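In what follows, a structure is listed as structure tokens, so that the remarks can point back to it.
The values are calculated or read from the model by the stated rules, or taken from the named source; none is laboratory data. Quick caveat: nothing in here was measured; it's all calculated off a predicted structure. Reconstructed Cβ throughout: ideal geometry from the backbone, glycine too, with neighbour counts over all protein chains shown. Heads up: the accessible areas ignore ligands, DNA and RNA and are worked out on the full protein's heavy atoms, side chains in. Shrake-Rupley method; radii C 1.70, N 1.55, O 1.52, S 1.80 Å.
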Amino acid sequence: MFIALEGIDGSGKSSQARFVVQWLAEHGFEKNTVLTYEPTREGYGAQLREVLEGRAPFPENPLSFQELYVRDRKDHLEGCILPHLEKCDIVISDRYFLSTLAYGMAGGVSYDALMDLHKTIIGEKFIMPDITFLIDIDPRVAQERIQKRSGGTLEHFEKKADFLHAAAKHYRELAMKFPNMHIISGDRSQEEVSEEIGKILSFHPYLCTKQS
Ligand code: ADP
């Protein structure tokens, strides 16, 4: 079982990913739950983080920049996600392919070009999550949260209000195109958001089997 959490930075993905881990533990799945994230901290993921945190120059070509995310995803799939799924673990990923589509399109790359990158770089190893939670939020609320969290330091994408509005809009539109997507309103307390996610998990055919 593969679960992804998506949304702009500050939407609450990481907090809710931890909630999913806790929910799974409380429902008998604690031994085989793996929490992971993208970009990773290795190889292409480490290169991406250098750019995002302003330690390396921003690539001029937006498509080449997105290519780094897809190459990182390929390594993530081969090195972590697929091996754990083969062992029947439940993998929870904080960001996955919808991020590349939403942010890439907000940066001016076409949907087709981003899908082609996935096809050429990852090919048949690409898998869709069994559940994706898209946490939808007003970018202004998300930015306020990030500024509180980091004491005012925003990463490259987080600085641009228009860009974040576009990314949030693409996320919502993309969520209509793909299967197993749940759009969750993130402009509420963490507990309210978690309650909705918990309800969706409890109705999932795979997860409800172990519930007492
Ligand atoms: P993301 O992973 O999407 O960037 P986080 O889960 O790290 O978001 O949350 C960003 C900040 O906002 C954190 O400081 C977190 O504690 C806080 N936060 C998360 N969800 C909520 C919420 N529903 N209401 C208020 N603050 C929240």
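Could you tally the net charge around residue 71, taking each other residue with its Cβ under 12 Å from the Cβ of residue 71, Lys/Arg +1 and Asp/Glu -1? Residues close to residue 71 contribute a combined charge of -4. The alpha carbon centroids of segment 173-202 and segment 5-63 are separated by 17 Å.
Remark: segment 94-176 carries 48 Å² of accessible area per residue (probe radius 1.4 Å; ligands, DNA and RNA excluded). With all protein chains in place and a 1.4 Å probe, the accessible surface of the chain carries 51 percent carbon and sulfur.
The GluC sites (Glu not before Pro) of segment 2-58 that DSSP puts in a loop, and whose beta carbon has at most 15 other beta carbons within 10 Å, are 42, 53. Using only Cα coordinates, the Kirkwood hydrodynamic radius of segment 2-211 works out to 17.6 Å.
Per-residue packing, averaged as other Cβ atoms within 10 Å, sorts the ranges 193-199, 67-73 into the order 67-73, 193-199, beginning with the highest. Pairs from the list 87/125; 177/199; 87/177; 31/87; 125/169 with a Cα-Cα gap above 21 Å: 177/199; 87/177; 125/169.
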